[in-house]
Structures are given as structure tokens and as C-alpha cells.
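Written out below as C-alpha cells is the structure these notes cover.
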Amino acid sequence: MPRTVKTMGQQFGRRSWAEPWKIKMVEPIRLLSREERERALREAGYNTFLLRSEDVYIDLLTDSGTGAMSDRQWAGIMLGDEAYAGSRNFYHLEEAVRTYYGYRYVVPTHQGRGAEHLLSQAVIKPGQYVPGNMYFTTTRLHQELAGGIFEDVIIDEAHDPTNLHPFKGDVDLDKLESLIRRVGAENIAYVSLAGTVNMAGGQPVSMGNVRALRELCDRYGIRIYLDATRMMENAFFIQEREEGYADKSIAEILKEFCSYTDGAWMSAKKDNLVNIGGWLAVNDRELFDTLRNMVVVYEGLHTYGGMSGRDMEALAIGIEEAVQDDYVRARVGQVRYLGDLLDNWDIPFVKPVGGHGIFLDAKRFYPHIPQDQFPAQTLAAELYRESGVRSMERGIVSAGRDPKTGDHRRPALELTRLAIPRRVYTQAHMDVVAEAIKAVYDAREQAKGLRMVYEPKYLRFFQARFEPIE
Ligand code: F0G
């Protein structure tokens, strides 16, 4: 009997979709033997950040700087104007940010955290609060290093991996207003708003929420700065889920969303489709002057900010490619495809599926491993051991320690993230990843936790080392 093979479209009752690009250049990858993977994992201290990329088969560590550039972007690389000052590529980048994000003034930086550093130092006074829709590791650290106190004001639904709220990235306006009343508007540095909230599982913010946030902040004279790192994906969810946006383009939605904010910082390594780069953009002239002065101290001249001319050219082109509706639909569609496969096997992960990856729910995956034995770290290690697939911990290790008490911060979400690089892997790779996760899930009862044996002071998840608990 011939096997009936169904395309994804048939399985889901519609015509199949496909990526709006084809592959012109390939990079070979290979799977090490189980013994070699065991050794690599041990040498890496059970931390996937410490693995060598050569030892990884399918690399879902991050969607940051790992995307594939287009032929147009590579052609742009040849147009690099490597002048120290006034490179024409900078003006192209500035034009692209103004056109698609709508901010007036643009400061280039080497990547997102460079922009976070400048913004935090420029606008936070020591002791001020910085409310945000869930923390991000580097963002919060820069806010704290500037003397700020981060306060989470995301809606409660975001902390529940099973809650199906369509906009789990929304700010809880009541939480925000009671913070403002408690500490006074003058003690709020700004609202730190992120699109497609990374630590919540890639969950979007609705247009209705950012509009209402603007009104609230206007009443108190508080500014809103946007982490625009994954705003294209956020715009896609608005187009799909929010009333009145189905007929608007990603570009239109992006621009409207940004119009409710006072500025943005960007890790261009994600949504802007480049391997390195970032920027900071604001509407306020005085703040721009401050930032433009600071960038020369920490990043580079204000017309390159740590990027080469060719990087800025690829970035300017990447911004334009990233707002194309068919591209964003295929990007999020691939993430969903992986989610649908896992769902067939009832594997626990954060729902709804987010914009940039699948976040396995390690608490439900390994209910027998206490949070202090790092279940999400364990899951990332087990997945690599089983399959050579690399993922990343997004739980207690990533959350770090409370600067006041020195104790672990224990987040409600204990997740292992499989971030999908943009335009890199095929559907067949996603099938292999899903089967690998299934194998680890089937062996879940045998898994044992980890003990941390080396802990760096800042952003410990990058370099911490672990040993298995026997
Ligand atoms: N903001 C968000 C939401 C991010 O996800 C990142 C980086 C940054 C800021 C910092 O930008 O890396 O260019 O300095 N996230 C990467 C990740 C590292 O894997 O999620 P950067």
C-alpha cells in the first residue's frame, strides 16, 4: 500500500504556503556522534552558549544575527562607503528608519545593547523606576547599571504559559497607574515597552494597548521608549488578530505603532535581517543631541556608531525587506509549523505560538526537577545531547539575582527557547527538530537536574557552568 503523504496545507485544510525566496548559497552542517556530543556538552559545562558552533547540528540558540541576508543585501555590502565621517550608507540607513519607523533622529550603534546603554545613561536618574512589559536580560541590566529600578507591568496572563490571550505582551495599565501614584510621575524615568515580548515567548502588544498607554502617559507627562527589536512580527499579529487591521500592511501598522512612542532602540540583528548592527531613534531634539554626543564616547562617530559602511547599507536594505507582508507571514508561519508538530504530541510549550520561536515549558516538561536545579537549562542540555539541536535557557538562570537580596530571581516562566533564525532553515529541519524534542519528552522521567559550579556576575546565563546532579 502506498503511504498517503499530505502537504501541510492539506493537513490544515487550506492551500499550502511557501517562503517568498529561494536558496542561492548553502552552508554545510553535520551531526556529531552521540559520544562526541556527550563530550562537547561536558566541556561546555552543560551551557549551550559555551558549545562551539561547529559541534551544533541545527542551531536554534538565537534568532539574533543568525538570519540569511538576501542577494540585494550582499550586493549592498559591495557599496560600503568606509569613510570615517559622513558615509553615504549612514544617510541611507537614516532614511530607512525615518521612512518605516517614523522617528525623526537616528543614532547608529553596534547592536541593541549599545543603544540600551546610551538611552539608559541619558534618561534614567539614579533611584527612578523603569516600568516595562516584562524584563529583557540586557535591557534591564543597563537600566539597573544607570541606577534605575525595573518594575514589571505586563498583564498577568503573560506569566501563564497556557493562557491563550491574543496579546500577552500588553501593559497592565492599572498596574502602571498604581506604580505612578505610589512613587510619583517624576520618579518614573520612562515606560520601557517591547514589541513581541521575548521573555514571555514572543508575545505581541496590541495597537489598542499602546494607544491607551500613550493616553495614560500623556496624562502624567511620561515618555515611552520602544524596544523595536521584533516589531515586524508584532505588526503581523496585529494585522491578524486586531479588529480594523486586516487590510493594513505591516509597514502601515509598524508606523502607526511607533507613532504612539517617543523613540525606539533596535537590535537590528533580529527583525532588520542583518548579522550585526543596531540603532536608536528619538523625536526629541535635545535628547538626540545628548545621545549623539554620547555615541562618540562609547560606540563610534555618530555616522557609524560601531558599524562599517557596508553593515549600514545591508541594514538599510534589510529594513525595507523586513516590512514586506509575504516575508513576515512566512517567517511567523514557519515558527507555527514547528508549534503545530509539537502540539500533535501534546508537548508543553508557551501558547499562543509567538513570533520568533517555540518556548518549551520546562516546569511541565520536568515537573520532578525543582527550579533551583535548573529544569530549563537541563532541557537545553538534554536536547543537544539527544540531537545536536541547540536551544537556550530562559528561566531562573537568565533571570539572575536580585541586586538587593542577592538571591535567585525565580520567574514564573521556566522556559527553553528554540529561536528560529530568519530565512535559514527549511521545513525538513523543523521536522527533525520536532522529532528530537519528542524523543527528549519520551525520556523525560530519567532526566536529572543540574548544579551551577561557576557563576559570572553579570548576565550569568552566557557563561555559567553546570554539572549534572547524580
Ligand atoms: N532587546 C531584545 C528584546 C532582545 O531580544 C535583545 C537581544 C536585545 C534587546 C539586545 O540586543 O543582542 O543586539 O545587543 N536578544 C538576543 C536573543 C541576544 O537571543 O534574544 P543585542
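The values are calculated or read from the model by the stated rules, or taken from the named source; none is laboratory data. Quantities reported herein were computed from a predicted structural model and do not represent experimental measurements. Neighbour counts run over all protein chains shown; Cβ positions are idealised from the backbone, glycine included. Surface accessibility is based on the protein's heavy atoms, side chains included, excluding ligands, DNA and RNA. Shrake-Rupley method; radii C 1.70, N 1.55, O 1.52, S 1.80 Å.
Could you tell me whether segment 71-322 comes out rounded, prolate or oblate from its Cα gyration tensor? Rule is a ≥ b ≥ c as square roots of the eigenvalues, rounded for a/c under 1.5, then prolate if a/b exceeds b/c, otherwise oblate. It comes out oblate by the Cα gyration axes. Probing with 1.4 Å while keeping every protein chain in the model, the per residue accessible area of the chain equals 42 Å².
Cross-link partners of K125 among lysines, defined as those whose alpha carbon lies under 24 angstrom from its own and excluding same-chain residues fewer than eight positions apart: K175, K404, K457. Using a probe radius of 1.4 angstrom, the carbon and sulfur fraction of the accessible surface of segment 127-217 is 49%. Here the mean projected area of the convex hull built on the C-alpha positions of the chain is 23.1 nm². Residues whose amide H comes within less than 5 Å of that of Y129, counting only those at least five positions distant or on another chain, are I149, I188, A189 (H built at 1.01 Å from N in the peptide plane). Extents of segment 290-426, largest first, come to 53, 45, 26 Å (Cα atoms, principal axes, whole angstrom). Extending 7 Å from the Cα toward the beta-carbon at both A428 and I77 defines two label points whose distance is 2.5 nm.
Debye-formula intensities of segment 39-89, expressed as log10 I(q)/I(0) at q = 0.25 Å⁻¹, are -0.96 (one equal scatterer per alpha-carbon, no solvent). Cross-link partners of K24 among lysines, defined as those whose alpha carbon lies under 22 angstrom from its own and excluding same-chain residues fewer than eight positions apart: K269, K270.
With all pairs of separate Cα atoms included, segment 146-284 yields a Kirkwood hydrodynamic radius of 15.5 Å. Comparing Cα centroids, segment 235-270 and segment 89-111 end up 17 angstrom apart. Placing +1 on each Lys and Arg Cβ and -1 on each Asp and Glu Cβ, with no other charges, gives the chain a dipole about its Cα centre of roughly 440 debye.
The chymotrypsin sites (Phe, Trp or Tyr not before Pro) found in segment 84-189 that occupy coil by DSSP, while having at most 16 further C-beta atoms within 10 Å, are Y84.
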